[in-house]
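The values are calculated or read from the model by the stated rules, or taken from the named source; none is laboratory data. Being a predicted model, the structure only gives us computed values, none of them experimental. A quick note on method: Cβ atoms are made from the backbone with ideal geometry, for glycine too, and the neighbour counts reach across all protein chains shown.
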Amino acid sequence: MTVVDAHHHVWDLAVRDQDWITGPELEPLRRNFTVADLAPQARAAGVGRTVLVQTITVPEETPEFLALAAEHELIAGVVGWTDLTRPDIADELARLRELPGGRYLKGIRHQVQGEPDPEWLLRADVRRGLAAVAEAGLVYDLVVLPHQLPACVKAAADHADLTFVLDHLGKPPIASGEREPWETAVRSLAALSNTVCKLSGMVTEADHASWTVDDLRPYADVVLDAFGPERLMFGSDWPVCTLAATYGQVLASARDLTGESDRRQIFETTATRVYDL
């Protein structure tokens, strides 16, 4: 089995600031993280392919990521960013695919978690953009907070021809141990066949200093039951995960949370199919 890491990031602060890295808790992330930093850790963990995911909402980042994918064999796909609300969104998606490395563009993501409107995904201009993403044959990654999940359910129901990928389980409050209303909302999303979930981002939603696999298990069990292994994929969320764990620890914890019979789906097959790697 060739493990696919379906969610990681890179950035170079000399090229562009990551303005979301603020405060003492995130200070360890205020340095460069490159493909060269990731590659040996990925190899050591048995990861053969990855999906590189956007970090900030600037148009220059996606072309840079596509060029990185063309340069590095490790990167098999890119989830980029473009403004879904722009009137020429369909043309812009076509332009991105014509750039060097454009064939690696597999999906689009927006930092919905930072939008003050909990129903941002349901705005008319956003809905038009989602329709263009579907028409382009791309998928849409959802990075949201639990209170935004009901809007995700409505959006996914309204765009049955678009695959929605929920990043980081929808960021459940693992540190507090609470499960509602997150569990009810995530199960409603999973009830729609055009939705997929990433087994990612859990360690940073837990207590960074003292988390255990048992802290993560109730939340992993919910998405395993709701989505099933055929709609679940592993993602490291490197380097953000390094706030709480090493790359190897994240992969090991994901293995501990899944049964042996499910692992090929979760660690390889689902991501390969969904992102057309």
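Got a number for residues in region 25-52 being within 18 Å of residue 244 (Cβ to Cβ) and touching a strand residue (DSSP E or B) at 6+ places or on another chain (Cβ under 8 Å)?
Residues in region 25-52 being within 18 Å of residue 244 (Cβ to Cβ) and touching a strand residue (DSSP E or B) at 6+ places or on another chain (Cβ under 8 Å): 4 in total.
Give region 125-150 a look and list any residue that's assigned to a helix (DSSP H, G or I) and charged (D, E, K, R), or say none.
Matches in region 125-150: 125, 127, 128, 135.
Considering only residues that are over 15 Å from residue 41 (Cβ atoms), part of a helix (DSSP H, G or I) and among the aromatic types (Phe, Trp, Tyr), which ones fall in region 210-255?
Selection gives 219, 227.
Taking region 75-95 on its own, how many of its residues are part of a helix (DSSP H, G or I) and under 17 Å from residue 141 (Cα atoms)?
The number of residues fulfilling the criteria is 2.
Only one of (1) surrounded by 13 or more Cβ atoms within 10 Å (Cβ to Cβ); (2) of a type outside the set (A, V, I, L, M, F, W, C); (3) without any contact (Cβ under 8 Å) to a residue 40 or more places away in the chain is not met by residue 129, so which one is it?
All conditions are met except number (3).
Restricting attention to region 103-119, and to residues there that are of a type outside the set (D, E, K, R) and surrounded by 19 or more Cβ atoms within 10 Å (Cβ to Cβ), which single residue is farthest from the chain's Cα centre (by Cα)?
Filtering region 103-119 for residues that are of a type outside the set (D, E, K, R) and surrounded by 19 or more Cβ atoms within 10 Å (Cβ to Cβ), the one farthest from the chain's Cα centre (by Cα) comes out as 104.
I need a count of the residues in region 204-222 that are farther than 11 Å from residue 172 by Cα and crowded, with 24+ Cβ neighbours inside 10 Å.
Qualifying residue count for the region: 0.
Would you check if there is a residue in region 17-39 being of a type in the set (S, T, N, Q), in contact with a Gly (Cβ under 7 Å, 6 or more places away or on another chain) and either modelled with pLDDT of 95 or more or farther than 22 Å from residue 143 by Cα (or both)?
no
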